[in-house]
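Visitor: Below is one structure. I have some questions about it.
FYI, it's all coordinate maths here, none of it is from the lab. Just so you know, these numbers come straight off a predicted model, no measurement behind them. Counting neighbours? That spans all protein chains shown, and the Cβs are built from the backbone with ideal geometry, glycine included.
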Amino acid sequence: MCDFKGPCVVIGYTNDPIPFKFGGFSPEGYRSTDDYYDTFDAFLFYWWEVLEPVILNKVGGSGAALFDYARGGPQFGPDGLLIGPPLSPVMGVFTGPDSSSGVGDLRQAKSRLGLSYARRDDGKESLFGDDSRATLGEVLVFCSPHIASLY
């Protein structure tokens, strides 16, 4: 639903008793290419009981900032934020043009910070705090060619 719609802002929240809100900015948008994109302009963010989101910038160079898998949800870096990560290998394995095997569950997310995106201000190595995985209540994706001009 988001392919070829331009840059995107992904916003989600967990199903915890107090919802934790998080997201990311993809200046490249999505095309389901099963490839990755290099950029310094992508970033993650979160907020929890505060008005201003905390931004986590891309670290370690621009390489592999965004992954664009046809069988998974938005992915920031190899490990920064993965929403609905594919359940089967993507690169190097031919599964057919319309294969649905290995499609990730968009209600699940995982995060590891520090290698591709900055750690949280409190030093936690996951966007979700102490847990590296989270069950999501909702994920929204806003796409527009004009979003990049706002950043």
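Visitor: Length gain on complete extension for the stretch T39 to E138, per 0.36 nm per residue less the alpha carbon to alpha carbon distance?
Guide: Full extension of this stretch gives 33.0 nm more.
Visitor: Please state the equivalent ellipsoid semi-axes for the chain: what are the square roots of 5 times the Cα gyration tensor eigenvalues, largest first, in whole Å?
Guide: Value: 23, 18, 15 Å, ordered largest first.
Visitor: Then there is this: For a protection proxy built on the mean count of beta-carbon atoms within 10 angstrom, sort 75-82, 114-121, 132-139 highest first, please.
Guide: 75-82, 114-121, 132-139
Visitor: Another question, if that's okay. Sticking with the crude label model, points 7 Å out along Cα→Cβ, report the distance from D121 to L51 in nm, one decimal please.
Guide: 1.4 nm
Visitor: Further question: With +1 on each Lys and Arg Cβ and -1 on each Asp and Glu Cβ, how big is the dipole of the chain about its Cα centre, in debye rounded to the nearest 20?
Guide: Dipole about the Cα centre, nearest 20: 60 debye.
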